[in-house]
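Quick notes on the structure that follows.
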Amino acid sequence: MLVLGIESSCDETGVALYDGCLGLVANRLHSQVDLHAEYGGVVPEIAARDHIRRVLPLVREALAEAGRRASDIDGVAYTGGPGLIGALLVGAAVGRSLAWGWGVPAVAVHHLEAHLLAPLLEAPVPEFPFLALLVSGGHTQLVAVRAPGEYRIIGESLDDAAGEAFDKTAKLLGLGYPGGPALAALARDGDPDRFRFPRPMTDRPGLDFSFSGLKTHALRTFRDEPPGPALAADVARAFEEAVVDTLYIKCRRALRETGFDRLVVSGGVGANRRLRERLVRRLDARVFYPRPELCTDNGAMVAFAGYLRLRAGERQPPAFGARARWPLDSLRAPDASLLAGEEAADVAAVPPDE
Ligand code: KG4
Ligand code: ZN
């Protein structure tokens, strides 16, 4: 089974082809970073328009990369949410239309499920069950994963997501957009011993996170310390260290509480080198994470998550929607009994946008 995956939830257009026998056979990405940079952040309307321009050329490129034709495609998966509604609707409209034109099924994929399953694209493949640390621009969650579609959120951010905190702190240090990778690069030159920032919510039980205070702490330090050439780098280092340490402490706690011995790391912040090193070196668990380009937004993870659901018989009715908000734990496991009939498939379909 060959599945076309389309990701368009935010500022990257990703298109990939996943083959049930061969694995990932094409993966194309167009980043909109240059378009949004001058505004210091993602402009939703510009994002949606650029997805329109990029998506079909990327589909052609992906087919060429894999040496396949459109007629080889057995199903289409697109990101159905959560994300920017205009951006999502581009992927949904194109994905649904291609599927209809080709006479193949389509499925709307949950963006966070796609992130969460991305480590399964790499060898060695983590076995279920596992603990997932999902750290993206919009979400920070600890998820107990029993099987695809069986998710229990056991901890999450009460305010800013980890990636959002990286982005906002980068901005106030004058680093602009996209902030996370720039802050991480600057932190490399910072003195790890100059400042020690708090590890929010680690001094009390529970698995939730709060990163917005850390951002304020960074701002205050940056403003109140005597200016100097090293100040921004030292603040960046202390901030990164505090986020990494907090995530590490909560992962350790979550592993203890669930009894799981495997941790899967995914989402854009999962590309952070220091976070990976800390988790691998210090946790008493096997740690799995995909290569950095599969941590940040991409079409491969959508193709793969869509493949699992299409293979189990899940289908979207011809009408399509997208959801700017979509709780991960409202998903149900892909169910092979859906193959029984179209009626069942319709019931299982994602409800249209609320
Ligand atoms: O998963 P993702 O690509 O998009 C969302 O679904 O949100 O995550 C993007 C987030 C951004 O906040 C970005 O600053 C952050 O991931 N990020 C990083 C790094 N690379 C990307 N944060 C810290 N260190 C990095 N190396
Ligand atoms: Zn994402």
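The values are calculated or read from the model by the stated rules, or taken from the named source; none is laboratory data. Bear in mind the structure is a predicted one, so any value in this text is a computation, not a measurement. Cβ sites come from the backbone with ideal geometry, for glycine too, and all protein chains shown count toward neighbours.
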So which residues in segment 285-330 are more than 14 Å from ligand 1 (Cβ to nearest atom), farther than 24 Å from residue 94 by Cβ and at pLDDT 95 or above?
-> 285, 286, 287, 288
Any hit, segment 268-284, residues being part of a loop (DSSP other than H, G, I, E, B), crowded, with 22+ Cβ neighbours inside 10 Å and within 16 Å of ligand 1 (Cβ to nearest atom) = yes
Does segment 151-164 contain at least one residue that is among the charged types (D, E, K, R), out of contact with any Asp or Glu (no Cβ under 9 Å at 6 or more places or on another chain) and surrounded by fewer than 17 Cβ atoms within 10 Å (Cβ to Cβ)?
-> yes
Does residue 250 satisfy being touching a Leu at 6+ places or on another chain (Cβ under 7 Å), part of a helix (DSSP H, G or I) and of a type outside the set (Gly, Ala, Ser)?
-> yes
Report the residue count in segment 121-137 for those that are of a type in the set (A, V, I, L, M, F, W, C) and either surrounded by fewer than 16 Cβ atoms within 10 Å (Cβ to Cβ) or more than 16 Å from ligand 1 (Cβ to nearest atom) (or both).
-> 5
Only one of 275, 279, 283, 231 is of a type in the set (A, V, I, L, M, F, W, C) and under 18 Å from residue 164 (Cβ atoms); which?
-> 275
Looking only at segment 239-255, and only at residues there that are over 13 Å from residue 185 (Cα atoms) and hydrophobic (A, V, I, L, M, F, W, C), the one that is farthest from ligand 1 (Cβ to nearest atom) | 255
Unique match (being part of a loop (DSSP other than H, G, I, E, B), more than 15 Å from ligand 2 (Cβ to nearest atom) and of a type in the set (Gly, Ala, Ser)) among 95, 155, 176 = 176
Before we move on, is residue 114 within 22 Å of residue 88 (Cβ to Cβ), in a strand (DSSP E or B), within 16 Å of ligand 2 (Cβ to nearest atom) and not β-branched (Val, Ile, Thr)?
-> no
Exactly one of 76, 109 is β-branched (Val, Ile, Thr), buried (at least 21 other Cβ atoms within 10 Å of the Cβ) and closer than 30 Å to residue 164 by Cα, and that one is 109
Is there any pair with a first residue in segment 306-333 that is free of Cβ contacts under 8 Å to residues at least 60 places away in the same chain and a second that is assigned to a helix (DSSP H, G or I) whose Cβ atoms are under 6 Å apart and which are 6 or more apart or on different chains, and what are they?
-> 312/336; 313/336; 313/338; 313/339; 317/346
Sole residue being of a type in the set (D, E, K, R) and farther than 18 Å from residue 302 by Cα, chosen from 54, 49 = 49
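Can you tell me which residues in segment 68-85 are away from ligand 1 (no atom under 16 Å from the Cβ), in contact (Cβ under 8 Å) with a residue 40 or more places away in the chain and of a type in the set (Gly, Ala, Ser)?
75, 77
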Could you list, in sequence order, all residues of segment 203-219 that are under 17 Å from residue 183 (Cα atoms) and without any contact (Cβ under 8 Å) to a residue 12 or more places away in the chain?
-> 216
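Scan the strands (runs of 3 or more DSSP E) fully inside segment 1-64 and keep the ones with 1 or more residues being at positive phi and more than 16 Å from ligand 2 (Cβ to nearest atom).
Here the list reads 23-31.
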Among 169, 140, which is more than 16 Å from ligand 2 (Cβ to nearest atom), at pLDDT 95 or above, buried (at least 24 other Cβ atoms within 10 Å of the Cβ) and within 30 Å of residue 199 (Cβ to Cβ)?
-> 169
Residue tally, condition more than 16 Å from ligand 2 (Cβ to nearest atom), among the charged types (D, E, K, R) and closer than 22 Å to residue 138 by Cβ, over segment 266-308 | 3
